[in-house]
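The values are calculated or read from the model by the stated rules, or taken from the named source; none is laboratory data. Since we're looking at a predicted model, the values are computed, not measured. A quick note on method: Cβ atoms are made from the backbone with ideal geometry, for glycine too, and the neighbour counts reach across all protein chains shown. The protein model used for the area step is the full one, side chains on, heavy atoms only, and it has no ligands, DNA or RNA in it. Shrake-Rupley method; radii C 1.70, N 1.55, O 1.52, S 1.80 Å.
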Amino acid sequence: MSRIGRLPIAIPAGVTVEIAENNVVTVKGPKGTLTKELPVEMEIKQEDGQVVVTRPNDLKRMKSLHGLTRTLINNMVVGVTDGYKKTLEVNGVGYRAAKAGNKLTLSLGYSHPVEMIDPEGVETVLEGQNKIIVQGIDKEKVGQYAAEIRDKRRPEPYKGKGIKYSDEVIRRKVGKTGKK
């Protein structure tokens, strides 16, 4: 049995969970509202301050959907209470980030500045010129936007220049050596 799928999801104070037909789950909390359509095969029930996910049978597909469904609901609950945050660092000489309104402007050594507009429900905050914090209530959107920013100039292994996650470790390589 799925160890993660079996765990009940505790609903904190100030959070309401509504389960509509076709497993459309709406989670409302202090930070906002999230709605997600989950697999219809799973049975989602709300019992005394907890959400419980059960599966109909032990087919491989049902086993994999069981843990996934539970985790998606849990991510929604965590999102509306605490929110999600990803931190990116811009490394390199002359590489910097600037913010104006909801537009993020990155100077990454290209002949032109790279401009990105924050998607709905996701916000970027700058700390200095080389630290970007992407935050929001939807884990998927936060992770996706952070990955898109990183994609504009991935970190390279020789000098470590580029945009990296703050917890990412770049494996460094030794450059080439001269003739003997």
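Results for (1) open to solvent by 70 Å² or more (accessible area, probe 1.4 Å); (2) acidic (Asp, Glu); (3) modelled with pLDDT under 95, shown as yes or no for each residue.
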{"site": "83", "(1), (2), (3)": "no, no, yes"}
{"site": "87", "(1), (2), (3)": "no, no, no"}
{"site": "129", "(1), (2), (3)": "yes, no, yes"}
{"site": "137", "(1), (2), (3)": "no, no, yes"}
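Quick check: is even one residue across the range 109-120 among the aliphatic types (A, V, I, L, M) and within 23 Å of residue 169 (Cα to Cα)? For the range 109-120, residues among the aliphatic types (A, V, I, L, M) and within 23 Å of residue 169 (Cα to Cα): absent. Taking the range 74-180 and the strands (runs of 3 or more DSSP E) fully enclosed by it, the elements with 2 or more residues that are within 26 Å of residue 31 (Cβ to Cβ) and among the hydrophobic types (A, V, I, L, M, F, W, C) are at 96-100, 114-117, 122-127, 131-136.
Against the list (1) more than 21 Å from residue 161 (Cβ to Cβ); (2) in contact with a Pro (Cβ under 9 Å, 6 or more places away or on another chain), the condition residue 119 fails is (2). Of everything in the range 36-54, what is over 30 Å from residue 167 (Cα atoms) and under 25 Å from the mean Cα position of the chain (by Cα)? Give them in sequence order. Within the range 36-54, 37, 38, 39, 40, 42, 44, 50, 51, 52, 53 qualify. If you go through the range 17-54 and keep only what is part of a strand (DSSP E or B) and open to solvent by 70 Å² or more (accessible area, probe 1.4 Å), you end up with 18, 28, 33, 35, 37, 43, 45, 46, 47. Among what's in the range 55-75 and is open to solvent by less than 50 Å² (accessible area, probe 1.4 Å) and either basic (Lys, Arg) or farther than 17 Å from residue 141 by Cβ (or both), pick the residue that is farthest from the chain's Cα centre (by Cα). Applying the filter and picking the extreme gives 55.
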